[in-house]
Amino acid sequence: GGGIGTGVVVVESPLSNIEAKRDENPRGEGKGDPTIEIGQPEVERPGPQEQGPRKDDEKKASSSGRGHETTEEIEKRLLGEGVFDENFVSLKDDVGEELLPEILNLYISDGEETLGSLVQLSNGGDKAVDFPEIQKLIHRFKGSSLNIGIAQMCGYCKDIRKLCVEKNAEETKRELASMREGFLKVKEELESYIESLLKRKRH
């Protein structure tokens, strides 16, 4: 078959160097899916669970009074809801609160760009879904999410990769749409968290 001209340009994630900055001895056994060949390694970090809760009833959180939450309260709530995992706590300890807002903002912009590309790839009209390209982007974004400790996004990535392997076009599109919605909520939470950090810094 001929190539699909989606016009999507895959750029190297600015987050690909975070792991190196955090750890002089990065762990990565090079466990790769033979169908995926990209520049950024997917760094698996040890932890009791990779995928956080994703069900809607587990994602429900009262937004009332959210602006009055302290940094610690937001962090505790997001860890409890499975949005963050222990890798986020490790990142915070490693880089400190001074660098954390910059790293989280990079993750947000990287996520927005990745999700935009994924939506383009899955909405090709009459063209077939570009599973290999989706897998590449998902693989890279999962690596970023693991490094930051955004368990919820890792869960979406894991599910979408499985659907791509199965070449299930309809379910892949549906899950990508769910992932985009989930990311918008995560973005909102991260922005509130960043604001709480900056507010504390000003005081």
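The values are calculated or read from the model by the stated rules, or taken from the named source; none is laboratory data. These numbers come from a predicted model, not from an experiment. Every residue, glycine among them, receives a Cβ derived from its backbone with ideal geometry; neighbour counts consider all protein chains shown. Ligands, DNA and RNA are excluded from the accessible area calculation, which covers all protein heavy atoms including side chains. Shrake-Rupley method; radii C 1.70, N 1.55, O 1.52, S 1.80 Å.
Whether any residue in the range 159-177 is within 10 Å of the chain's Cα centre (by Cα) and not basic (Lys, Arg) is what I want to check.
No, the range 159-177 contains no residue that is within 10 Å of the chain's Cα centre (by Cα) and not basic (Lys, Arg).
Do we have LYS199 as out of contact with any strand residue (DSSP E or B) (no Cβ under 9 Å at 6 or more places or on another chain), among the charged types (D, E, K, R), without any contact (Cβ under 8 Å) to a residue 12 or more places away in the chain and assigned to a helix (DSSP H, G or I) here?
Criteria met by LYS199.
Within the range 142-163, can one find any residue that is open to solvent by 40 Å² or more (accessible area, probe 1.4 Å), touching a Cys at 6+ places or on another chain (Cβ under 9 Å), in a helix (DSSP H, G or I) and not aromatic (Phe, Trp, Tyr)?
No.
So ASP130 passes all but one of these: (1) acidic (Asp, Glu); (2) open to solvent by 40 Å² or more (accessible area, probe 1.4 Å); (3) out of contact with any Asp or Glu (no Cβ under 6 Å at 6 or more places or on another chain). Which condition number does it fail?
Result: ASP130 passes all but (2).
Can you work out which of the residues in the range 103-127 that are at pLDDT 95 or above, among the acidic types (Asp, Glu) and open to solvent by 30 Å² or more (accessible area, probe 1.4 Å) is nearest to GLU189 (Cα to Cα)?
This residue is GLU112.
For LEU190, all conditions in the list (1) in a helix (DSSP H, G or I); (2) surrounded by fewer than 18 Cβ atoms within 10 Å (Cβ to Cβ) hold save one; what is the number of the exception?
(2)
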